[in-house]
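To keep things clear, I will list the structure first and then write my remarks on it.
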Amino acid sequence: MTAHVVVIGAGYAGAGTVQSFEDEINDGEAELTWISEHDYHLVLHETHRVIRNPQTESKVAIPVDEIKSPETNFVRDRVTGVDTDDRTVELRDGEPVDYDYLLVGVGSSTAFFGIDGLEEHALTMKSLDDAREIHEAIRAAGEEATQNDPAQVVVGGAGLSGIQTAGEIAGYRDDTRTPLEITLVEGLDEIFPGNDPRIQGALKKRLLERDVEILTGDFISEVDDEEVHLGEEESMDYDVLIWTGGSPVATRSPAPISIPTTARIGSSPSRISRPTTTASSPSATPPLSIRVMTSRHRRRRRLPGRPPRSPAKISLARFVARR
Ligand SMILES: Cc1cc2nc3c(=O)[nH]c(=O)nc-3n(C[C@H](O)[C@H](O)[C@H](O)COP(=O)(O)OP(=O)(O)OC[C@H]3O[C@@H](n4cnc5c(N)ncnc54)[C@H](O)[C@@H]3O)c2cc1C
């Protein structure tokens, strides 16, 4: 009997699994359905480039048709639940999809740590729509501002996402001569906390050279519609606030999919995703390297950082056991 495998999500976990499956599973042994709410794989760790230049969208959003083989059925829909007793995936718009094996790769969402007003007033940086929204917000704020009274852009959190976001906004400001003042706020004592002091120093130097102000040592404690409050006593005005401080924490699914906690729901994304760290270059824009390979069906793009296909095919049981 042909097993039905369902993969949810088109990030590194989902897209990587689809390509591995197509490369490795014996022909005819299993059928694959790939479900995601967007019909592209987003190169998430490069998406901040869209803030500076929306024309880079085509480099960071790879259509699923260029990744999967024609035999793989793609369903564009939002997953709302998984019934592990009936083995069905419930969709917002379409009919439920049955599965024998299921991989859930829906990513993580931003944590706001209960800070008053933060979720309400801050933009986040976790998707293509987020990057477009930040671009639009800084463009609009710049239109209202003058060189004598620049718009205040505050980026909360100086991990990789915050550093890259601040760097891209500085790039936009310099490309377009938009009057923006950019402040990067980090609650701990150093930017890129917990990492090599030499890298921290190099990043700090690059940001200061790009005229990004850095405030460390005070956590954002509250946000209202005009000010960001730092610690007990300090506050600063803002026109655009971007919160990246909760990015690495997977507190909940971006779409609260209901799955029983006892269910076995797929593999560890860390074995599949291979984004390249770009920490040493917060505002540079090197071209993305996306390898194009010829498959037996058509030209399909490899995901950035993925090794070439292995010609060896294996059984579905071995594929699942390895993950
Ligand atoms: C700005 C930024 C910079 C980063 N830089 C780096 C870096 O330099 N190095 C590094 O190692 N990591 C970096 N990361 C982290 C890295 O991008 C993530 O670890 C990685 O994207 C996680 O992959 P994933 O497949 O688990 O999830 P994601 O890439 O988030 O993919 C989730 C997928 O699921 C889909 N989905 C979600 N909910 C549903 C639903 N209900 N129904 C259907 N589909 C759904 C989404 O549309 C998406 O296709 C960065 C992240 C950000 C935001």
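Some observations on this one:
- Scanning the stretch 41-62 for residues that are in a helix (DSSP H, G or I) and near the ligand (Cβ under 9 Å from one of its atoms) yields a total of 3.
- The lone criterion from (1) among the charged types (D, E, K, R); (2) open to solvent by less than 10 Å² (accessible area, probe 1.4 Å); (3) touching a strand residue (DSSP E or B) at 6+ places or on another chain (Cβ under 6 Å) left unmet by Glu168 is number (3).
- Residue check, Leu42 at negative phi, in contact with a Gly (Cβ under 8 Å, 6 or more places away or on another chain), open to solvent by 10 Å² or more (accessible area, probe 1.4 Å) and hydrophobic (A, V, I, L, M, F, W, C): yes
- Annotation for the stretch 163-180: at least one member residue is of a type in the set (D, E, K, R) and assigned to a loop (DSSP other than H, G, I, E, B).
- Residue that is within 27 Å of Arg49 (Cβ to Cβ) and crowded, with 21+ Cβ neighbours inside 10 Å, where the choices are Ala145, Ala111, Ala137, Ala131: Ala131
- In the stretch 45-60, the residues that are open to solvent by 20 Å² or more (accessible area, probe 1.4 Å) and either within 18 Å of Met125 (Cβ to Cβ) or over 21 Å from the mean Cα position of the chain (by Cα) (or both): His45, Arg52, Asn53, Pro54, Thr56, Glu57, Lys59
- Out of Val155, Val223, sole residue that is of a type in the set (A, V, I, L, M, F, W, C) and either open to solvent by 40 Å² or more (accessible area, probe 1.4 Å) or farther than 30 Å from Ile62 by Cβ (or both): Val223
- Where Ser36 falls short, out of the listed (1) surrounded by fewer than 22 Cβ atoms within 10 Å (Cβ to Cβ); (2) within 20 Å of Gly107 (Cβ to Cβ); (3) among the small types (Gly, Ala, Ser): (1)
- Any chance Arg139 is over 30 Å from Phe21 (Cα atoms), assigned to a helix (DSSP H, G or I) and touching a residue at least 40 places away in the same chain (Cβ under 8 Å): no
- Among the candidates Asp93, Asp85, Asp23, Asp65, residue that is assigned to a loop (DSSP other than H, G, I, E, B), away from the ligand (no atom under 12 Å from the Cβ) and more than 30 Å from Arg139 (Cα to Cα): Asp85
- Count of residues meeting criterion [more than 21 Å from Glu136 (Cβ to Cβ) and either near the ligand (Cβ under 10 Å from one of its atoms) or not in a loop (DSSP other than H, G, I, E, B) (or both)] in the stretch 96-125: 12
- Residue selected from the stretch 68-82 under the condition assigned to a loop (DSSP other than H, G, I, E, B) and open to solvent by 30 Å² or more (accessible area, probe 1.4 Å), by the criterion modelled with the highest pLDDT: Arg78
- Residue in the stretch 31-40 that is in a strand (DSSP E or B), under 16 Å from Ile67 (Cα atoms) and touching a Pro at 6+ places or on another chain (Cβ under 7 Å) present: yes
- Within the stretch 228-242, the only residue that satisfies the criterion of being small (Gly, Ala, Ser) and outside any loop (DSSP other than H, G, I, E, B) is Ser235.
- Test: residue in the stretch 171-178 that is in contact with a Lys or Arg (Cβ under 8 Å, 6 or more places away or on another chain) and either without any contact (Cβ under 8 Å) to a residue 12 or more places away in the chain or within 16 Å of the ligand (Cβ to nearest atom) (or both): yes
The values are calculated or read from the model by the stated rules, or taken from the named source; none is laboratory data. The structure displayed is predicted, hence computed values, not measured ones. As a convention, Cβ positions derive from the backbone with ideal geometry for all residues, glycine included, and neighbour counts pool all protein chains shown. Areas reflect the complete protein model, heavy atoms only, side chains present, ligands, DNA and RNA absent. Shrake-Rupley method; radii C 1.70, N 1.55, O 1.52, S 1.80 Å.
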